[in-house]
Amino acid sequence: MNKGRPDTTQKTLPTAPQMKQIRIVPEMSFVLGNPPEPDRDVAQTIEFIRTVKRVNPATEIILYTYTPVPLAGELYEQAKAEGFAFPETLDEWISAEWADFSQRRSAHLPWLRDPVRRKLRDFQWVINAYYPTLTDSSLSTWKRVTLRALSAWRYHLRVYAHPIELRAAHKFLAYQRPETSGF
């Protein structure tokens, strides 16, 4: 997420190989889909994640979609300009629509169009199969090899769309990513 500091990626990337040298599994979280150009933001962040994984394949990657916070700033102003608004009354805060938003945020972000949302979701399936988490002790070597083999062509060719076979493999192999599924 670009927080207005140009040196953020230059400072983040060197930590990955340093942690690899001392055998620490780093966990890096990324916020994608920032307005006003969510498609460009997603594409650039995906490329950066691929770079991080090249430097240290053990890096755990956690992806989030940008959700506004009610604080003055450029991103919040851009989100409002795209049609986002927080509830203003108690009834709006407890409405079914807002409850749904709080559980499935990306489905209700006006600047995050379906093609961008799908690309983000599909990339997550591919990267999690190509680089299965190291912290899932129930994931055996053969399961890791299977996931990587099934996803290799997609990862190398950057074909993320409709990874039906990877979704099936995750389910069949009972792969539960700790950062999203718990232990």
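Where a number appears in this text, it was derived from the coordinates with a stated rule and is not lab data. None of the values given here were measured: they were computed from a predicted structure. Heads up, the Cβs are rebuilt from the backbone with ideal geometry, glycines too, and the neighbour counts pull from every protein chain shown.
Observations
- Anisotropy class of region 37-94 from Cα gyration tensor, a/c 1.5 cut: prolate
- Highest mobility in the GNM of the chain, judged by mean-square fluctuation with C-alpha springs under 10 Å and restricted to Lys80, Lys171, Lys20, is found for Lys171.
- The loop-placed GluC sites (Glu not before Pro) in region 69-160, going by DSSP, that have at most 11 neighbouring Cβ atoms within 10 Å of their Cβ come out as Glu88.
- Candidates Leu63, Leu71, Leu13, ranked by Gaussian network fluctuation over the chain, Cα under 10 Å, top entry: Leu71
- Note: relative contact order over region 95-176, using C-alpha pairs below 8 Å and six or more positions apart, is 31 percent.
- Ranking of Thr12, Thr133 by count of other Cβ atoms within 10 Å, fewest first: Thr12, Thr133
- The chain: C-alpha gyration tensor shape, a/c 1.5 cut-off, then a/b vs b/c: prolate
- Ranked Tyr76, Tyr160, criterion: other C-beta atoms within 10 Å, fewest first: Tyr76, Tyr160
- Helix-derived mean residue ellipticity, 222 nm - over the chain, DSSP H n ≥ 4, -39500 (n - 2.57), to 500: -15500 deg cm²/dmol
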